[in-house]
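Asker: Before we start, here is the structure in question, set down as structure tokens.
The values are calculated or read from the model by the stated rules, or taken from the named source; none is laboratory data. Please read these numbers as outputs of a predicted model, since none were measured by experiment. Every residue, glycine as well, gets a Cβ built from its backbone with ideal geometry; the counts of neighbours run over all protein chains shown. The protein model used for the area step is the full one, side chains on, heavy atoms only, and it has no ligands, DNA or RNA in it. Shrake-Rupley method; radii C 1.70, N 1.55, O 1.52, S 1.80 Å.
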Amino acid sequence: MFWSLVALAAVIVIFGIRIVSQWQIGVVFRLGKYVRQIKPGLNIIIPILEYASYVDMRIRTMDVIPQEVLTKDSVPVKIDAVVYYKIFDAPKSIIAVEHFGMASTLLAQSKLRDVLGKYDLDMLLSNKEQIGKEILELLQGPTDEWGITVISVEIKNIEVPDNMKRAMAKEAEAIREKRSRLVKASAEEESARKFTEAAKIIAESPNALMLRQLQTWQEIGAEQNSLIILVPTEFAKIVKSLQDNK
């Protein structure tokens, strides 16, 4: 009798040993009913009566199948997104939902279409981070009941039709051209204002005109490698008066 008990205990130990990896949680069911969790390391369950399912507790990524969405301003776009999620309640992820990965994917696709349909194309392209946060908030409610927490939703790519790309390129080119013309007009206006102020100063001081002429000649000589003979203003006036007297 003693040896029978020893043999039975040995069988239970041998066939009931379960090794759980560091990143896993084991969910034990006895006759189909959830009884407990087993943690990483060496564990023993009752063979035949109990079995264990293992749940990966690491952060996972889920690629959402590219979705065709019609924006608020009636532009068809294709959206590609990725969802980062993690299981925080292992028993719920098995008991509350069948194939939690597939369920999360389908839910993400549905919420993605619902949210993106509320935005026009310009908002969609410029606020991807904000849209991702909005989808995240919509996913967190249902997935909490499945023992899953959604960490982040990232919009990877927004594919725009070719004809819309050409229209956007023309619009961007027109905006840049407008900006260039405004900058040029502003520069010309500022230049004209400075010339007006300079003319007033020169009109009040005739010697300033002579100094400006000397500076201009100097610049011309430096650039053109020319020889410039400077004649003093008073000497030029004397010569001119002598010519007139003749």
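Asker: Please verify whether the range 136-146 includes one or more residues that are assigned to a strand (DSSP E or B), hydrophobic (A, V, I, L, M, F, W, C), surrounded by 13 or more Cβ atoms within 10 Å (Cβ to Cβ) and at pLDDT 85 or above.
Answerer: no
Asker: Could you check the range 46-72 and list, in sequence order, the residues that are at pLDDT 85 or above, in contact with a helix residue (DSSP H, G or I) (Cβ under 7 Å, 6 or more places away or on another chain) and open to solvent by less than 30 Å² (accessible area, probe 1.4 Å)?
Answerer: The answer is Val55, and nothing else.
Asker: Looking only at the range 121-163, filter to residues that are without any contact (Cβ under 8 Å) to a residue 12 or more places away in the chain and touching a Phe, Trp or Tyr at 6+ places or on another chain (Cβ under 9 Å); which one of those is farthest from Gly101 (Cα to Cα)?
Answerer: Per the stated criteria, the residue is Asn127.
Asker: Confirm whether Lys86 is at pLDDT below 80 and either closer than 22 Å to Leu139 by Cβ or of a type in the set (Asp, Glu) (or both).
Answerer: no
Asker: Checking Tyr34 against (1) open to solvent by 40 Å² or more (accessible area, probe 1.4 Å); (2) assigned to a helix (DSSP H, G or I), which test does it fail?
Answerer: For Tyr34, the failing item is (2).
Asker: Got a number for residues in the range 85-102 being open to solvent by less than 80 Å² (accessible area, probe 1.4 Å) and more than 17 Å from Arg58 (Cα to Cα)?
Answerer: 2
Asker: Look at the range 98-126 and say how many of its residues are in a helix (DSSP H, G or I) and on the phi > 0 side of the Ramachandran plot. Steps first, please.
Answerer: Residues of the range 98-126 that are in a helix (DSSP H, G or I), as a first pass: 100-116, 121-126.
Applying the additional criterion that residues be on the phi > 0 side of the Ramachandran plot yields none.
Final tally of qualifying residues: 0.
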